[in-house]
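A quick write-up on the structure given underneath.
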Amino acid sequence: MEPLIALVVGFLAARLTGLAGVEALDAWQPALRVGLALMFLFTGFAHFHPKFRVDLIGMVPPNLPRPDLLVSLTGVLELAGAIGLLIPVTAPWAAGGLILLLIAMFPANVSAARRGVAQGDPLGPRTALQAVFIVAAALTIA
């Protein structure tokens with residue numbers, strides 16, 4: 001739920017900033033990119049925070065090698081994608097890459113939900129959240 005809150009709060013703050021006169025944010029797409037960037041910064045940093053890292057490693061399906069390395073790699077990709085969303089020329093590529101990353105990571109969410117591990121939200125709500133994040137990223141590509 002925290003990533004959704006980061007997305008919504010970031011979007012609303014950026015949109016209000018645009019309405020207050022910051023021309024670069026005076027449209028819904030740039031504001032949505034800011035919200036997504038905030039969300040992916042939040043989730044990307046979680047991959048390296050000791051408290052969350054253990055849970056994220058536990059979410060990796062048991063049949064995949066080096067769960068610690070996979071969590072580090074996805075964290076770096078999320079952080080890079082967040083930065084890419086904030087640069088207009090790279091934003092469409094970053095959004096596309098993040099969509100692919102969300103799709104690639106979804107099996108870990110399914111596995112975590114089925115195994116009942118930490119961070120393993122019930123599959124229905126997790127699927128709905130993933131869909132929201134994918135649609136939000138897709139809407140920023142123009």
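The numbers here are math on the coordinates, done by the rules we state, and not lab data. Since this is a predicted model, take the numbers as computed values, not measurements. Note that we place each Cβ from the backbone using ideal geometry, even for glycine, and neighbour counts take in every protein chain shown.
What to note about this one:
- In the list (i) 17.7, 59; (ii) 15.3, 51; (iii) 17.2, 56, the label attached to Rg and Dmax of the Cα atoms in Å as derived from the coordinates here is (ii).
- Residue with peak Gaussian network fluctuation, the chain [Cα springs, cutoff 10 Å], from 60, 76, 22: 22
- Membrane-span-like helices in the chain, defined here as complete DSSP H runs extending at least 30 Å along the helix axis by their C-alpha atoms with mean Kyte-Doolittle hydropathy no lower than -1.0, are 91-115; this is a sequence and geometry rule, not a statement about a membrane.
- Computing FRET efficiency as 1/(1 + (r/R0)^6) for residue 123 and residue 73, where r is the C-beta to C-beta distance and R0 is 22 Å, gives about 0.35.
- A simple spin-label model places pseudo-atoms 7 Å from Cα toward Cβ; at residue 66 and residue 26 they are separated by 4.9 nm.
- Across the chain, the mean sequence separation of Cα contacts (distance under 8 Å, 6 or more residues apart), normalised by length, yields a relative contact order of 23 percent.
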